[in-house]
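Since the structure comes first, as structure tokens, the remarks are kept for the end.
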Amino acid sequence: MFVPKLALRQRKSIYDVGRKFFTIVGVASLPGSFVVNAPFGRFAPRNPSLTIDGRLGWVLMELWSPLGFIYTMFNSPLLEESPRFSMPQIILVSCFMVHYLNRGFLSPARAPSRSRMHVFMPLTGLILNTTNGGLIGSYISSPIALQHLLPENAFASPQFYIGVFLWAVGFLGNFWADEILSDIRKKGALRGKEEKLSSGTEYYGIPHGFLYRWISFPNYLCEWVEMLGWALAASPIPKLTDLEWLLSLNGIYTMAFTTPPSQFAPTLTPPWIFLIVELCLMLPRAYKGHQWYKEKFGDAFPKERRAVIPYVF
């Protein structure tokens, strides 16, 4: 994402362009995602042309974020000198890498099946996840992050401890929810569904237990909690003036087309941008997946269950 030989001013400009690009693309995708299905999982294309193995595609899609993170963290695009890391920074770097180790590698390895995936998904992941990882890596080694995460600041702040706690709760909840889904597919294989599983199509059943009692996608909700916690621990909370533009079409238009990247929501740091983009991408996916469950399983599907927020949505 960055070329270390560029001047600091140029690297800062690229960083600001990346912040704006990633935020606007994520926010702009929200309405379209309610209409167009992402071509993987339960919405995988039936035509095998231009598709790849689901496990391989998932790894290729997620791989770029930790790679971009590691590269920019150690190359420190927002510093003139080599980065130095405090213990709070090391804790957060570890949390980020554990998240992607599970999401990008352990999760597909544990799953007995994954539907084939359109090549559009890993190609999109190459662009967006490299940008996201590069931005977060740039931030975590930046002067702002270093000052915020000095031991005497972070370890004296309830925000840091609350953030790390939420990250841990979200991570464990996400892992638990995925294990329930994986167990459904394993049981499907034991019940004679081997042909379907081996054909590149996932086996689906109605999940029960844990937060599935109330919602169809606790794995999404838990990931949001996880990333909210990481953002709380890693970064100052953005000013309201840097968030209010999200509440109107005119505000979004102004930010997208008339605001220079250098003036784009200055306190909206990459950890918070990642949370916003995740919400914009995953909320429509949860809604459409919930509708799919209801259509597929009909009266057998629990009527009181919501999509992703208990009792609400």
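In table form, for the structure just shown:
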| item | result |
| --- | --- |
| Pair list, Cβ under 6 Å, 6 or more apart: region 74-87 residue under 13 Å from Lys5 (Cα atoms), other residue assigned to a helix (DSSP H, G or I) | Pro77/Arg11; Pro77/Ser138; Leu78/Ser138; Glu80/Leu8 |
| Exclusive hit being out of contact with any Gly (no Cβ under 8 Å at 6 or more places or on another chain), part of a helix (DSSP H, G or I) and of a type in the set (S, T, N, Q), set Ser65, Ser82, Ser107 | Ser107 |
| Residues (under 27 Å from Tyr161 (Cα atoms) and surrounded by fewer than 16 Cβ atoms within 10 Å (Cβ to Cβ)) located in region 68-101 | Phe74, Arg84, Met87, Ile90, Ser94, Met97, Val98, Leu101 |
| Condition check for Leu128: without any contact (Cβ under 8 Å) to a residue 24 or more places away in the chain, assigned to a helix (DSSP H, G or I) and under 22 Å from Asp53 (Cβ atoms) | no |
| The lone exception for Gly205 - which of (1) outside any helix (DSSP H, G or I); (2) more than 25 Å from Phe96 (Cα to Cα); (3) within 22 Å of the chain's Cα centre (by Cα) it fails | (3) |
| Any hit, region 47-55, residues being within 19 Å of Tyr203 (Cβ to Cβ), of a type in the set (D, E, K, R) and either part of a loop (DSSP other than H, G, I, E, B) or under 18 Å from the mean Cα position of the chain (by Cα) (or both) | yes |
| Hits in region 258-293 (condition: farther than 19 Å from Ser235 by Cβ and β-branched (Val, Ile, Thr)) | Thr258, Thr259 |
| All positions within region 136-161 that are closer than 23 Å to Thr72 by Cα and either in a loop (DSSP other than H, G, I, E, B) or free of Cβ contacts under 8 Å to residues at least 60 places away in the same chain (or both) | Ser141, Ser142, Gln147, Leu149, Leu150 |
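Rule-based calculations on the coordinates, nothing more; no lab input. Just so you know, these numbers come straight off a predicted model, no measurement behind them. Note: ideal-geometry Cβ built from the backbone for every residue, glycine included; neighbour counts use all protein chains shown.
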